Amino acid sequence: MGIELKKFFDWKLLILPVLAVVITFIVWPSLPEVIPTHFNVQGLADDTGPKVMIWIFPVTLFLLPALMMISPMIDPRKRNYVKFRKSYGVILGVTEIFLFLMYGWILGQIFGVTLIDGELLLPVMTGLMFLALGNVMPKIKQNYLVGVKTIWSFDDPDNWNKTQRFGGYCFCLAGALLLLSCFVPLAWRTAVILILIFTAALLPLGYSWLLFRKKEKEK
């Protein structure tokens with residue numbers, strides 16, 4: 001059973017990559033030779049590099065649709081992609097929006113334009129992304145690219161489905177708490193954000209193992 005390319009490649013996903021390239025060409029002559037390449041939790045630059053590094057974002061934005069196009073054709077579970085095609089598109093679309101907004105914020109910092117406080121950027125952006133991803137995770141079917149992947153769920157559809165559903169709850173809760181972390185004192189905020197992210201990622205793995213152990217005991 002072949003996978004039709006047109007089912008998975010949405011040309012609308014090229015809008016942000018193309019826009020990022022156009023913007024980069026426009027601002028390129030005005031960019032300083034050295035630009036900030038990393039920001040701390042306060043939104044302050046703490047590392048720099050040559051201005052050519054600004055192309056990392058446009059290139060990455062182009063690679064995502066390419067990955068979306070190729071993965072359903074080479075994944076051993078390729079037939080399952082049809083079952084969650086819309087959710088698959090949402091995941092990549094949300095990721096592209098996240099990267100594009102981060103790119104825009106960095107350009108703003110370079111040119112002295114701040115639309116959102118740097119101290120709020122990470123919790124707000126990460127929180128919204130986790131909420132969006134958590135809402136589509138329960139619809140993801142077995143595959144090797146997206147979702148919560150464990151050795152116990154790859155060969156057990158029931159384990160996979162329950163793990164994705166539980167992972168969706170974890171991501172949504174983490175997303176809400178990440179948004180609330182805006183009110184955490186700055187000295188603690190990085191630790192809180194990292195704890196929430198790692199907890200949301202690790203809990204579904206443990207849950208998948210518990211499902212596996214439970215089924216083993218019932219045999």
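Looking for something under 26 Å from GLY118 (Cα atoms) and at pLDDT below 90 - is there at least one such residue anywhere in the range 163-182? Yes - at least one qualifying residue is present in the range 163-182.
I'd like to check something: does the range 204-215 contain any residue that is out of contact with any Asp or Glu (no Cβ under 7 Å at 6 or more places or on another chain), among the basic types (Lys, Arg), assigned to a helix (DSSP H, G or I) and within 23 Å of LYS78 (Cα to Cα)? No, that holds for no residue. Screening the candidates ALA176, ALA187 for the property of being among the small types (Gly, Ala, Ser), closer than 25 Å to GLY104 by Cβ and surrounded by fewer than 19 Cβ atoms within 10 Å (Cβ to Cβ) yields one hit, ALA176. For the range 55-104, filtered to residues that are part of a helix (DSSP H, G or I) and among the charged types (D, E, K, R), the residue that is modelled with the highest pLDDT is GLU96.
The values are calculated or read from the model by the stated rules, or taken from the named source; none is laboratory data. On a predicted model such as this, the values are computed, not experimentally measured, just so you know. So basically every Cβ, Gly included, is an ideal-geometry build from the backbone, and we count neighbours across all protein chains shown.
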